[in-house]
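Take a look at the structure set out below.
The values are calculated or read from the model by the stated rules, or taken from the named source; none is laboratory data. Values in this document were obtained by computation on a predicted structure and should not be read as measured data. Don't worry about glycine lacking a Cβ; one is built from the backbone with ideal geometry, like all the others, and counts go over all protein chains shown. What goes into the accessible areas is simple: the full protein's heavy atoms, side chains included, and nothing from ligands, DNA or RNA. Shrake-Rupley method; radii C 1.70, N 1.55, O 1.52, S 1.80 Å.
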Amino acid sequence: MTRSQQDPVRLDDIGSYLPRGERGSMAVRQVLKEKIRQGVTTISPHSSVFDALSLMAEKNIGAIVVLREGEVVGVVSERDYARKVILIGKSSRETKVEEIMGTPVVTVSPEATVAECMALMTGRFLRHLPVVEEGELVGLVSIGDVVKTLLADQEDRLGRIEAYISGAYPT
């Protein structure tokens, strides 16, 4: 029995020499493990947009997860501020986070794959996905995290193809 007959789901069309990429099917849980462990920055929906912006500047991040009594209820980003506060002449000190946060919030489980996250993010024009397990926030995945993971997969796959073509790939 050939390798392609043994495990047809894990193989690309070029045959048994090039197994499917691991990163596209990698679970978000693994992506979170590879990120620098600083925790997820959160804020209350009743906080001011100014406080949210100050926190983003302090942490050098572009978005914050909004929690109400431990439950993820939204995400607020610099983009939300630009479009929903500045452009319409509101004050960031008087506007509450809940007025501009992205809702309804879209979350993923730690078992979601990177490819599923990419499809969800591109399909819904999202840049950040809170990762929730059993109702608890466990991380945040950005479009940058997803792209970085998929690019690493492509680099690995290209290396395997080059090795196969040059005859250096084990058969």
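Distances between placed amide hydrogens fall under 5 Å for Gly139 paired with Val131, all partners being 5 or more residues away or on another chain. Modelled this way, with points 7 Å down the Cα-to-C-beta line, the labels at Lys96 and Ser25 are 4.7 nm from one another.
With N the number of residues in region 91-171, Rg(Cα) / (2.2 N^0.38 Å) evaluates to 1.61.
When the solvent-accessible area of region 76-147 is split by element, carbon and sulfur atoms take up 52 percent of it, the probe being 1.4 Å.
Counting 0.36 nm for each residue step from Ile88 to Ala119 and taking away their Cα separation leaves a gain of 8.0 nm. Solvent exposure of region 44-155 amounts to 55 Å² per residue of accessible area, where only protein heavy atoms count and the probe is 1.4 Å. Check the straight Cα-Cα distances from Lys96 and name the lysines below 28 Å, setting aside those fewer than 8 residues away within the same chain. Straight-line reach from Lys96, under 28 Å: Lys59, Lys84.
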